[in-house]
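Here the structure is laid out as C-alpha cells; the discussion comes afterwards.
The values are calculated or read from the model by the stated rules, or taken from the named source; none is laboratory data. Note that the coordinates shown come from a computational prediction; the quantities given were computed from them, not determined experimentally. When we count neighbours, we look across all protein chains shown, and the Cβ atoms used for this are built from the backbone with ideal geometry, even at glycine. Note: areas computed on protein heavy atoms with side chains; ligands, DNA, RNA excluded. Shrake-Rupley method; radii C 1.70, N 1.55, O 1.52, S 1.80 Å.
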Amino acid sequence: MASFLRRFSPPRDHRDPAGRSGLRLVLANLGHLLGGKVAAGLMSLVYLVLVTHRLGAADYGVLVLVNAYAVLLGSVVAFSGFHGVVRFGGLALEAGDRAGFARIVRCMAVVELACGLVAILVAAAFVPLVGARLGWSPDTIRIAIPYSLAIIATVRATPQGLLQIAGRFDLIGLHHAVSPLIRLIGATGIWFAGGGLTGFIAVWLVAAIAEGLAMWGLALVAWRRLAPDQPLRGPWRGALRDTPGMTRFVLITNFDITIRELAPNLAPLTVGWLLGPAAAGLLALAQRATSLLAQPTALLSQASYAVLAAQVARGDLSGLRHTVWRSAGVALTVAIPIVLVLAIGGDRLLVLLGGASFAGGTMLLILIATARAAGLASAPLAAGLTALGLPGRSMTVGLVTSLALYPALPLLLWMLGTDGAGWHALLQSVVAAVALAAMVRTDARDRPA
C-alpha cells in the first residue's frame, strides 16, 4: 500500500509552493480533468451512435427522460459536501488540525450519504405517477423504479472535494472515464444481442452505480495522504455546529448547486411532458453534440475553485481578479470557434450521430451551443464569488435564471416548438453571465483584504 500511495502522490500541491500564477494553476488542473474527459468523450460518441441508431428519437427520448428523472431527484433532494470539505477542510489543514479536518470530512460524508438514500426512496415512490405522464410503457415504468439507484452517481461530492484538496485532479480526470467505459461495453453488447430500450436502461443503471462508488474508492488515496493518522470511522457529530460559519456556508452552496442543476435537468422533462419523448430525444442529442462546451464548464469551476480559495486565504484579491477574468477570457476564446463549427455543420452532425429521425435540429443545436459558451465563461466567475465567501451571490443568480425564468420555457415551447428550449437556455446563460460579471467586479474590488 505504501508503494501504491507514493506512486500516486501528486507532484505539486494545489497551493502552489512554486509560486505559479493562479491562471497557470487553473489551467494545469483543468488539463488533468480534460485528459479524462477526452477519453470519456470518445467513448461517449461511440455508444451514443449505437444507442440512437438502435432506438430512434422516440425511444432514445424515453431513455433520456428516465435518466433525467433520477438525476433531477438526486440534485434536488441529495446533498453536496464538496464546498464544505474544500473550504473548511482546507482551512483545518492549513492550521495543522488533521483531527478537525477528518471530523469535517466524516460529517459531510454522513450527511451526503443519508440525503442520497432519501433521494433514492423518493424517486422510486414517484416513478409510477411521473412515468405515466411522460408516456413510458408499463415495462419501462417497472425498470425505472430500480433505476432510482442511479442517484448513487450524484452522491460523490464529498470524496471529490477530498481529491481536490489533495491536488489529485489526475484521479478526478480518471474517474470521468468510468461511466462512459461501462456504457460503451454494455451498449456494444446490447447492440450485437439485438436488445432494445430495457437493455440500455439496465446498462445505464450499472454505469451510474459504478460512477458513484468509484469516486469514494479513489478518495481513499487522498485521505491516506491528507490524514494518515486518522481512521475512516471516527467522531463527526457537531462538526457543523462547532465550525463557525460552516452551516450557513454549506446550506447556501447546496441550495446554489440545486438551483443550478435544476434547470438543465428540468428542461428535458418539461419538453417530454409537453411535446413527447421524440422532442426530448432531439433536445438530448443536441445537448450531447454540444457537450464539448458543456463538460468543461463544470471542470473549469472545479479546476479554479481551489486556486481561487487559496488566493483569498492569502488576501491576494488582485491575483483573484486576474485569475477570474483571464480564465473567463480563455473560456470564450476556446468556445467561439466551436460554436461556429457547429453552426456550419449542425444538421449533418445530428443525422450522423442519431440517424434520419433526428434531422431538422440545426437551430436548436446553434442556440444550445451559444448558451454553453456563455455558461463556460460564467464558471470561473461563480467560483470566484464562492471563494470570496459569497456563495449567496451566485445562488441569487441561479435562483433568478433557473426558477424566475423557468415559466418562459413552456411558453417558448408552445410558440416555437423544440427550438424554444434552445432560446430559453440562451436567455438563462446570458442573464447569468452578465449578472455574475457585475458581482465579481464589485465584490472582488470592495472586499477588504
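Could you list, in sequence order, all residues of the stretch 354-373 that are open to solvent by 20 Å² or more (accessible area, probe 1.4 Å) and of a type in the set (A, V, I, L, M)?
356, 359, 363, 366
Would it be correct to say that residue 249 is out of contact with any strand residue (DSSP E or B) (no Cβ under 8 Å at 6 or more places or on another chain), among the aromatic types (Phe, Trp, Tyr) and open to solvent by 70 Å² or more (accessible area, probe 1.4 Å)?
Spelling it out, it is not the case that residue 249 is out of contact with any strand residue (DSSP E or B) (no Cβ under 8 Å at 6 or more places or on another chain), among the aromatic types (Phe, Trp, Tyr) and open to solvent by 70 Å² or more (accessible area, probe 1.4 Å).
Limited to the stretch 326-359, what total is found for residues that are free of Cβ contacts under 8 Å to residues at least 60 places away in the same chain and outside any helix (DSSP H, G or I)?
1
Filter the stretch 392-433 down to the residues that are farther than 16 Å from residue 266 by Cβ, assigned to a helix (DSSP H, G or I) and open to solvent by less than 30 Å² (accessible area, probe 1.4 Å) and list them by number.
Answer for the stretch 392-433, where residues must be farther than 16 Å from residue 266 by Cβ, assigned to a helix (DSSP H, G or I) and open to solvent by less than 30 Å² (accessible area, probe 1.4 Å): 392, 394, 397, 433.
Output the residues belonging to the stretch 140-175 that are within 14 Å of the chain's Cα centre (by Cα) and over 30 Å from residue 198 (Cβ atoms).
Correct list: 157, 158, 160, 161, 172, 173.
Condition test on residue 389, is it open to solvent by 30 Å² or more (accessible area, probe 1.4 Å) and in a loop (DSSP other than H, G, I, E, B)?
In short, no.
Take the conditions open to solvent by less than 40 Å² (accessible area, probe 1.4 Å), in a helix (DSSP H, G or I), among the polar types (S, T, N, Q) and closer than 24 Å to residue 430 by Cβ and apply them to residue 323. Does it pass?
yes
Applying the selection to the stretch 200-220, what residues are open to solvent by 20 Å² or more (accessible area, probe 1.4 Å) and over 21 Å from the mean Cα position of the chain (by Cα)?
Those that are open to solvent by 20 Å² or more (accessible area, probe 1.4 Å) and over 21 Å from the mean Cα position of the chain (by Cα): 202, 220.
Has the stretch 225-236 got any residue that is within 19 Å of residue 72 (Cα to Cα), in a helix (DSSP H, G or I) and open to solvent by less than 20 Å² (accessible area, probe 1.4 Å)?
no
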